[in-house]
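Report on the structure given below.
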Amino acid sequence: MARLHEMTALEIAASIGAREVSVEEVALYFLERIGRLDGSLRSFIRTVPERAVAAAVALDRRLAGEVSARRAGGLFGVPFAVKDNICTRGIPTTCASRILESFVPPYDATVVRRMYEAGLVLLGKTNMDEFAMGSSCENSAFFETRNPWNLETVPGGSSGGSAAAVAAGLVPFALGSDTGGSVRQPAALCGIVGLKPTYGAVSRYGLVAFASSLDQIGPLTRDVADCAAVMNVIAGHDEMDSTSAPLPSRDYSARLGADIRGIRVGVPREYMGEGAEPGVRSCVRDALGVLEDLGAVVEECALPHTEYALSAYYLIAPAEASSNLARYDGVRYGLREDAAEVHQMYERTRRRGFGPEVKRRIMLGTYALSSGYYDAYYLKALKVRTLVKRDFDIAFEKYDVLVGPTSPTVAFPIGSKTGDPVKMYLSDVFSVPVNLAGVPAISVPCGLHDGLPVGLQMIGRPFEEDFLLMVAHAYEQAAGTSRLRPRMVSEG
């Protein structure tokens, strides 16, 4: 059988459509690979082999009944994985937290349902920072995930399990969630593509809430074409989500391959300063040179309120988390530690159920919302958020896309930042402004520094993911960086 783990999702779908390989054979191939290699990575919290094989057999029957792969969907038969904060009916959804260790949702998230309807096969749920709070995948209540480029380094977070699994070729693509960079930052550190869509472009129904005004589900893929294909499945209005934008469906693949000559690229000076490692800045400058060679007009620009964005984010997100996580009280679902008095039951349940980072953010958010501090902290942070969004609005009056580093560093050693939360939070310095503004952004690989991947972040106008994907694809094809793979992939 072909080395399926070296193929893109679209290439696998084409092979299935041509009857070169069956859906069942593909599912079994990746399940075997997960069983053989994930012991060192620990990217999956659980796999669902029996369900996956049963679904694959059913899809093969559909193909045998002359249902063409093209008619059934562009990714028909392809396996995928989802971050463990996206609800899956009948499969535990833990958010990598003890408090939800035994929670089994009675319904599927909209993105999962749409995957099933398009004929895709779920292989399992991936590890993450607990309740999506973290930048390294070290905050999981169960185990840390490692980076396939170097097993002594982190894969990024909070969607680290999804990113590591895709980068290692354990699954063709995966879904993650992005509240302050949790799709893009691990994509950058693992050398793959990660897209945070515009807020409202992809349904959040069935995504366990961290910060409801910031959360967004997005794809992690091997290349940009796969990313566009996944968006074709998951994007679009959903009546089950009140924040879902009522926009017509579109083909996110339609503009791939178009000429980008003449587009205006802005490079925020705030993203290219001392906050980023020299090796990261060097890779980004090389990428800007590629864009210029393609005919783009590249100029320096300003996002002047960037320096305040991280502070605002770490008030707004914890405040929303404080409200959202209040539902985990030991009464309705999840962990329950019995006690004589109800307040003791709450205390015991949350002490045992929540990890240190989740507790830290709940306390910070509760403090920011408390009487006497609301105006000084939370309200002021909301005003800063408005200024950050205004920076992007002004920039997009002149520029078609903004470009800079995704992460200020490459993957860092496991344990090197866990003792300093502020140092860890700085990993998101270039990604959180995008969430505050609600605009789309994509990370694509742009080279290696010290043998580890560097991510190039491209930021677009609201709901112009198709344009953003077009630019990212043009760069990817010219630079050839999507062909970079960790040794784990090349050695099989």
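The values are calculated or read from the model by the stated rules, or taken from the named source; none is laboratory data. Quantities reported herein were computed from a predicted structural model and do not represent experimental measurements. Reconstructed Cβ throughout: ideal geometry from the backbone, glycine too, with neighbour counts over all protein chains shown.
Worth pointing out:
- Restricting attention to segment 389-447, the residues that are in a loop (DSSP other than H, G, I, E, B) and buried (at least 24 other Cβ atoms within 10 Å of the Cβ) add up to 8.
- Breaking point among (1) at pLDDT 95 or above; (2) within 23 Å of the chain's Cα centre (by Cα); (3) surrounded by fewer than 20 Cβ atoms within 10 Å (Cβ to Cβ), for ALA54: (2)
- For segment 333-382, the tally of residues that are among the charged types (D, E, K, R), surrounded by fewer than 12 Cβ atoms within 10 Å (Cβ to Cβ) and under 16 Å from TYR313 (Cα atoms) stands at 1.
- Conditions (1) in contact with a Ser or Thr (Cβ under 6 Å, 6 or more places away or on another chain); (2) over 30 Å from ASP466 (Cβ atoms); (3) among the β-branched types (Val, Ile, Thr): number failed by THR94: (1)
- Segment 247-276, residues that are of a type outside the set (A, V, I, L, M, F, W, C), at pLDDT 95 or above and over 26 Å from ASP393 (Cβ atoms): ASP251, SER253, GLY257, ASP259
- Segment 323-332 - residue that is closer than 23 Å to ASP428 by Cβ and surrounded by fewer than 21 Cβ atoms within 10 Å (Cβ to Cβ) and, of those, nearest to the chain's Cα centre (by Cα): ASN324
- Of all residues in segment 16-38, those satisfying the criterion of being more than 26 Å from GLY90 (Cβ to Cβ), assigned to a helix (DSSP H, G or I) and at pLDDT 95 or above are ARG36, LEU37.
- Taking the numbered list (1) in a helix (DSSP H, G or I); (2) hydrophobic (A, V, I, L, M, F, W, C); (3) buried (at least 18 other Cβ atoms within 10 Å of the Cβ); (4) at pLDDT 95 or above in turn, LEU63 passes all entries but (4).
- Segment 113-128 - residue that is crowded, with 24+ Cβ neighbours inside 10 Å and among the hydrophobic types (A, V, I, L, M, F, W, C) and, of those, farthest from ARG146 (Cα to Cα): LEU120
- If you go through segment 195-249 and pick out every residue that is within 23 Å of LEU315 (Cβ to Cβ) and not in a loop (DSSP other than H, G, I, E, B), you end up with 2.
- ALA478 being part of a helix (DSSP H, G or I) and under 27 Å from GLU307 (Cα atoms): no
- Any chance LEU303 is part of a helix (DSSP H, G or I) and within 28 Å of the chain's Cα centre (by Cα): no
- Filter pass, GLY74 being surrounded by fewer than 24 Cβ atoms within 10 Å (Cβ to Cβ) and out of contact with any Gly (no Cβ under 9 Å at 6 or more places or on another chain): yes
- Residue identified as of a type outside the set (D, E, K, R), touching a helix residue (DSSP H, G or I) at 6+ places or on another chain (Cβ under 6 Å) and within 30 Å of ALA474 (Cβ to Cβ) among ALA296, ALA309: ALA309
- If you go through segment 258-281 and pick out every residue that is in a loop (DSSP other than H, G, I, E, B) and under 24 Å from the mean Cα position of the chain (by Cα), you end up with 4.
- Test result for ALA287, touching a Leu at 6+ places or on another chain (Cβ under 9 Å) and over 23 Å from VAL208 (Cα atoms): yes
- On the stretch given as segment 168-194, residues that are in a strand (DSSP E or B) and in contact with an Asp or Glu (Cβ under 9 Å, 6 or more places away or on another chain) total 4.
- Test set (1) under 17 Å from LEU291 (Cβ atoms); (2) at pLDDT 95 or above; (3) in contact with an Asp or Glu (Cβ under 7 Å, 6 or more places away or on another chain); (4) not acidic (Asp, Glu) - SER482 fails condition number: (2)
- Just one of the numbered conditions (1) among the hydrophobic types (A, V, I, L, M, F, W, C); (2) in contact (Cβ under 8 Å) with a residue 40 or more places away in the chain; (3) out of contact with any helix residue (DSSP H, G or I) (no Cβ under 9 Å at 6 or more places or on another chain) is not true of LEU379: (2).
- Checking each residue in segment 407-438 for being within 19 Å of GLN216 (Cα to Cα) and either in contact with a Cys (Cβ under 9 Å, 6 or more places away or on another chain) or among the aliphatic types (A, V, I, L, M) (or both) picks out VAL429, VAL432, VAL434, LEU436, ALA437.
- Listed by first and then second residue, the pairs linking a residue in segment 20-47 that is touching a residue at least 60 places away in the same chain (Cβ under 8 Å) and at positive phi to a residue that is among the polar types (S, T, N, Q) and not in a helix (DSSP H, G or I), with Cβ atoms under 7 Å apart and 6 or more places separating them unless they lie on different chains, are ARG42/ASN127; ARG42/THR145.
- Which numbered condition GLY236 misses (of (1) surrounded by fewer than 24 Cβ atoms within 10 Å (Cβ to Cβ); (2) touching a helix residue (DSSP H, G or I) at 6+ places or on another chain (Cβ under 6 Å)): (2)
- Condition check for SER212: more than 21 Å from the chain's Cα centre (by Cα), farther than 26 Å from LEU170 by Cβ and among the polar types (S, T, N, Q): no
- Among the residues examined, ARG51 qualifies as closer than 17 Å to MET115 by Cβ and of a type in the set (D, E, K, R).
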